[in-house]
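Take a look at the structure set out below.
The values are calculated or read from the model by the stated rules, or taken from the named source; none is laboratory data. Quick caveat, the model's predicted, so the values are computed rather than measured. Virtual Cβ from ideal backbone geometry, glycine too; neighbours counted across all protein chains shown.
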Amino acid sequence: MPLYEYQCTQCDNRFELRQKFSDEPARECPACGGAVQKLISQSGFALKGGGWYAEGYGSGSKKSDAPACPSGGNCAGCPSAA
């Protein structure tokens, strides 16, 4: 659910509410009961779980895509054989 920031027009109290998109906007300040207005603020987000960041850019060890040569790099297809 998104987090919305509001400011009271009477006491300047700023507060945040976690609301569904379908919820009505807040109308009164929880501190003084005055009218509030919704603020436009910088949004934040969090990446959760595995996914591309953890697998592609994480600090863990890098996976090797090439299979290891069973003959220790002495086969005709190995770059070190030339």
(request) From (1) modelled with pLDDT under 65; (2) surrounded by 10 or more Cβ atoms within 10 Å (Cβ to Cβ); (3) part of a loop (DSSP other than H, G, I, E, B), pick out the condition that doesn't hold for E55. (result) (3)
(request) Report, by residue number, each residue of the range 11-28 that is over 18 Å from S41 (Cα atoms) and not charged (D, E, K, R). (result) C11, S22
